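Trainee: Can you keep this structure in mind? I'll have questions shortly.
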Amino acid sequence: MSEEIVPRDEIRATLAARKELGEDLEPALVDSFVERIERQLDEWTREREKALKHKREHQQEMVLGAMGISIPLLALAAIFTGLAGVIVVCSALVVIAVVSAR
């Protein structure tokens, strides 16, 4: 996390308000500060989950697409080029799987 959860100037302002308001309002001040931190963490978590879901969906599409084209490619490779063609098609499928996993 390269971003700050709460900007430093907000922390300084909260500490200054704490000094001015005294001990009576300190719990409310701390609660509001913690609530801001929790909201920011929740937002970051949702963003990360959304990005991960998008990545997994893309990976699934790539693998299913590769599997879909592999059947006719393997058949054509086996008919026209033999074992060498089958090995090339299988190697290409492995490369697609590895690249889409990143």
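The values are calculated or read from the model by the stated rules, or taken from the named source; none is laboratory data. Just so it is clear, the model here is predicted, and its values are computed rather than measured. Counting neighbours? That spans all protein chains shown, and the Cβs are built from the backbone with ideal geometry, glycine included.
Trainee: It is to be established whether one or more residues within the stretch 19-39 are at pLDDT 80 or above, within 27 Å of Val98 (Cα to Cα) and in a helix (DSSP H, G or I).
Mentor: No, that holds for no residue.
Trainee: Another one. Only one of these is of a type in the set (A, V, I, L, M), surrounded by fewer than 14 Cβ atoms within 10 Å (Cβ to Cβ) and within 30 Å of Val6 (Cβ to Cβ): Val88, Val30. Name it.
Mentor: It is Val30.
Trainee: Right, here's the next one. Kindly provide the set of residues from the stretch 35-80 that are over 26 Å from Thr14 (Cα atoms), polar (S, T, N, Q) and surrounded by 13 or more Cβ atoms within 10 Å (Cβ to Cβ), ordered by number. So that I can check it myself, show each step before the final result.
Mentor: Step one: list which residues in the stretch 35-80 are over 26 Å from Thr14 (Cα atoms), which gives 46-80.
Within this subset, residues satisfying the condition of being polar (S, T, N, Q) are 59-60, 70.
Gln59, Ser70 - these are the residues of the stretch 35-80 that are over 26 Å from Thr14 (Cα atoms), polar (S, T, N, Q) and surrounded by 13 or more Cβ atoms within 10 Å (Cβ to Cβ).
Trainee: Hey, another quick one. Give the residue that is modelled with the highest pLDDT, with candidates limited to residues of the stretch 40-87 that are part of a helix (DSSP H, G or I) and among the hydroxyl-bearing types (Ser, Thr, Tyr).
Mentor: Restricting to residues being part of a helix (DSSP H, G or I) and among the hydroxyl-bearing types (Ser, Thr, Tyr), the top hit is Thr45.
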